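Enquirer: Handing you this structure, nothing more for now.
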Amino acid sequence: MNDATPKPFLRPGKLILLTLLALVVYAITLLVWIPAGWVWQQVAPRVSLPQQLEVRQVSGRLWDGAAGLVVAGYPIRVDWQLGWPSLTGLSLPLDLNVATAQSRINGKLKLSWPQKAEVSATGQIVVSEFEELIRRSGGAMIEGNVTIDRLNLVWEDNRVTLAEGLGRWAGGQVTWPMGNQTGQARFPAMRADLDTTQGGIALAISEQGGSGPAAEASILWSGMMELRVFKRMVDLAGQPWSDSASPGDVIFRVRQPLLPGAR
């Protein structure tokens, strides 16, 4: 005869476990079904956006949604899809698609606790789409598209700690302002390499298959920007220059602050 006392089904340990499981299911359900527009309405009054950025519309769900933005006057659509969070790595992955009327960038974003973000992306930029902005800023206009083969960024400790990327342009006509006139030249296929330096990030522009950079731009953590143009750029443009200069000589250099107070 068995005189063992029967144990209750809902013991304290099991009750706590079931409660935690219910909370997890509830949290996942919120992420899957809660409207993204409703979430934005709640947080928008507390978010300070840059002056040239405007959020026009947010649709879909928090887990899988889209937002219509206007950046410097250009409409942009951002689609996102959350991945499953990692409890061991304390991170949340997202798939992102950023598109304008003609250009598109596809990438992955991983947010890690407490303050780290990693981005990897590829895409294609149709330069003519941004002609007005380029002309307004006094920059050079190139024809055709720029292909982003890879772009990897890591944000940590309130700054970019890693920047690495490669962009390509098939070559063609380039025009630039020259006072009241416009200069122009045909360039060969070019590439742009992004890299991390000890004091910031650097962008080197060179001919595809060439022997050295035609221009280099550095952005320092102090907020300063330095631009160097080599004689090699003049040679590629077919413009006259002193025969005593070699292709690797710097013919133009400018250093200026990007942020107020930088030095």
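Enquirer: Go through the range 196-242 and give me each residue that's part of a strand (DSSP E or B), farther than 13 Å from ALA163 by Cα and not charged (D, E, K, R).
Expert: ILE205, SER206, PRO213, ALA214, ALA215, ALA217, MET224, MET225, LEU227, VAL229, PHE230
Enquirer: Which pairs do you get when a residue that is farther than 20 Å from GLN81 by Cα and at pLDDT below 85, found in the range 24-52, comes within reach of a residue that is open to solvent by less than 60 Å² (accessible area, probe 1.4 Å) and not aromatic (Phe, Trp, Tyr), reach meaning Cβ atoms under 6 angstrom, with the pair 6+ apart or on two chains?
Expert: Correct list of pairs: GLN52/ALA72.
Enquirer: Any idea which residue in the range 243-253 is least open to solvent (accessible area, probe 1.4 Å), counting only those that are assigned to a loop (DSSP other than H, G, I, E, B) and either without any contact (Cβ under 8 Å) to a residue 24 or more places away in the chain or of a type in the set (S, T, N, Q) (or both)?
Expert: Once the filter is applied, the top-ranked residue is ALA245.
Enquirer: Next up: List pairs: first in the range 101-114 and within 13 Å of ASP79 (Cβ to Cβ), second assigned to a strand (DSSP E or B) and open to solvent by 70 Å² or more (accessible area, probe 1.4 Å), Cβ under 7 Å, 6+ apart or cross-chain?
Expert: Qualifying pairs under 7 Å: ARG104/GLN124.
Enquirer: Give the residue that is most open to solvent (accessible area, probe 1.4 Å), with candidates limited to residues of the range 144-198 that are within 25 Å of GLY210 (Cβ to Cβ) and among the aromatic types (Phe, Trp, Tyr).
Expert: So the residue we want is TRP176.
Enquirer: Tell me which residues, restricted to the range 199-223, are closer than 17 Å to MET141 by Cβ and open to solvent by 30 Å² or more (accessible area, probe 1.4 Å).
Expert: Correct list: ILE205 only.
Enquirer: Could you pull out the residue among LEU111, LEU133, LEU92, LEU87 that is open to solvent by less than 70 Å² (accessible area, probe 1.4 Å) and over 30 Å from PRO177 (Cα atoms)?
Expert: Being open to solvent by less than 70 Å² (accessible area, probe 1.4 Å) and over 30 Å from PRO177 (Cα atoms) holds for just one of LEU111, LEU133, LEU92, LEU87, which is LEU92.
Enquirer: For the range 65-96, name all the residues that are small (Gly, Ala, Ser) and part of a loop (DSSP other than H, G, I, E, B).
Expert: Scanning the range 65-96 gives ALA72, GLY73, GLY83, GLY89.
Enquirer: Just the residues that are at pLDDT below 90 and either more than 22 Å from ILE34 (Cα to Cα) or surrounded by fewer than 15 Cβ atoms within 10 Å (Cβ to Cβ) (or both), please, taken from the range 65-84.
Expert: VAL71, ALA72, GLY73, TYR74, GLY83, TRP84
The values are calculated or read from the model by the stated rules, or taken from the named source; none is laboratory data. Just so it is clear, the structure is predicted and the values come from calculations on it, not from any experiment. Backbone-built Cβ (ideal geometry, glycine too); neighbour counts: all protein chains shown. For the accessible areas, the whole protein counts, side chains as well, though only heavy atoms, and no ligand, DNA or RNA atoms are used. Shrake-Rupley method; radii C 1.70, N 1.55, O 1.52, S 1.80 Å.
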